[in-house]
Amino acid sequence: MDLSFDLLGNALVSGLLLGGFYAAVTIGVSISFGMLDIVNIAHPAFVILGSYTAYIANSVFGFDPILASIVLLPAFYLLGVAIYHVYDVSFERRGDASIRGLAFFFGILFITEVTLVLVFGVDYRLVDAPYIGPSLHIGVIDLPLRLLIPCLVSLALIGTLQLFMSYTFVGRAVQAVAQDPMALRLMAADPSRIKRIAFGLSIASASIAGAILIVIQPVEPSIARDYIGRIFAICVMGGLESFGGMVIAAMILGIMESLTSTFYGPSWSPAVAFGFLLLTLAIRPAGLFGRR
């Protein structure tokens with residue numbers, strides 16, 4: 001029985017820390033999909049791109065992967081701005097954003113994955129940092145630093161974005177642009193410019209999420225596809241525009257997966273997690289913290 005409680009406690013803690021990673025990956029989708037109504041299914045590919053840039057900075061220059069991802073935030077932001085400009089001119093202004101826009105992001109996902117395969121191959125890549133390996137021990141609970149530090153960085157990222165969205169004019173405009181673009185124009189704000197900034201922020205978040213991912217586990221280009229379903233499920237389950245709901249949904253999904261993997265085997269964890277998603281949406285179709 002003691003062993004069972006030990007396993008349960010460690011599974012719960014691991015699930016919470018894993019949920020922190022899921023939240024970092026999902027925050028960009030919460031902005032693009034939840035606030036801008038842009039179904040960017042290529043977002044996991046940008047996360048993997050962030051992983052590989054962190055890998056290069058670490059293996060070639062010896063930089064800490066997470067610090068390197070913070071330094072590279074402006075580059076990912078500009079990449080997001082450029083991609084949205086192409087999307088806006090080619091699809092959104094013509095009213096073709098629904099199907100053709102989805103195909104556009106699918107193409108970006110495919111091109112990014114193929115490019116990474118051609119450059120790096122299909123071998124798994126990993127990074128080296130002082131916090132990869134050691135653990136904190138609190139009684140019978142183990143806190144692996146490779147999960148704890150990424151979780152704290154993830155929460156700091158989400159908290160910063162929440163403050164930006166709540167207390168700046170641009171942040172409030174981002175929240176308003178999907179609801180009433182005409183009212184935004186009356187406030188002397190250009191909806192296309194606001195969306196460009198917001199999409200740039202969503203892609204910039206992928207830089208840090210990618211570094212967190214490669215700290216937690218080795219990566220290879222096709223691993224991006226493993227997270228497409230999860231991040232959209234978390235985004236919907238938490239409420240499309242709610243950062244707090246998204247974090248809670250990510251933690252719940254992490255705990256569900258950790259408990260299932262610990263006691264029943266990892267093959268069952270996706271089914272249980274998505275079963276919980278369906279149950280949540282059956283009870284609250286708008287998500288945990290979405291507007292009714």
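The values are calculated or read from the model by the stated rules, or taken from the named source; none is laboratory data. Here the structure is a predicted model, which means the values were calculated and not measured. Ideal geometry is used to build each Cβ from the backbone, glycine not excepted, and the neighbour counts take in all protein chains shown. Accessible surface areas use protein heavy atoms only, side chains included; no ligands, DNA or RNA. Shrake-Rupley method; radii C 1.70, N 1.55, O 1.52, S 1.80 Å.
I'm checking my understanding of the structure. Among residues of region 78-114 that are assigned to a helix (DSSP H, G or I) and aromatic (F, W, Y), which one is surrounded by the most Cβ atoms within 10 Å (Cβ to Cβ)?
Across region 78-114, the extreme among qualifying residues is Y84.
One line per residue, one yes/no per condition, for (1) surrounded by fewer than 20 Cβ atoms within 10 Å (Cβ to Cβ); (2) outside any loop (DSSP other than H, G, I, E, B); (3) of a type in the set (A, V, I, L, M, F, W, C):
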{"site": "L163", "(1), (2), (3)": "yes, yes, yes"}
{"site": "Q175", "(1), (2), (3)": "yes, yes, no"}
{"site": "I194", "(1), (2), (3)": "no, yes, yes"}
{"site": "L201", "(1), (2), (3)": "no, yes, yes"}
{"site": "S205", "(1), (2), (3)": "no, yes, no"}
{"site": "I208", "(1), (2), (3)": "no, yes, yes"}
{"site": "I214", "(1), (2), (3)": "no, yes, yes"}
{"site": "S222", "(1), (2), (3)": "yes, yes, no"}
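Within region 253-263, does at least one residue satisfy the condition of being touching a helix residue (DSSP H, G or I) at 6+ places or on another chain (Cβ under 8 Å) and not in a helix (DSSP H, G or I)?
No, region 253-263 has no match at all.
If H137 passes every condition in (1) surrounded by 14 or more Cβ atoms within 10 Å (Cβ to Cβ); (2) assigned to a strand (DSSP E or B) but one, which one does it miss?
(1)
Would you point out the residue of region 115-130, among those that are in contact with a strand residue (DSSP E or B) (Cβ under 9 Å, 6 or more places away or on another chain) and in a loop (DSSP other than H, G, I, E, B), that is surrounded by the fewest Cβ atoms within 10 Å (Cβ to Cβ)?
This residue is Y124.
Can L281 be described as modelled with pLDDT under 85, surrounded by fewer than 22 Cβ atoms within 10 Å (Cβ to Cβ) and in a helix (DSSP H, G or I)?
Considered against the rule, which asks whether it is modelled with pLDDT under 85, surrounded by fewer than 22 Cβ atoms within 10 Å (Cβ to Cβ) and in a helix (DSSP H, G or I), L281 comes out as yes.
Suppose we keep only residues that are open to solvent by less than 70 Å² (accessible area, probe 1.4 Å) and part of a helix (DSSP H, G or I) within region 177-189. Which one would you say is modelled with the highest pLDDT?
V177
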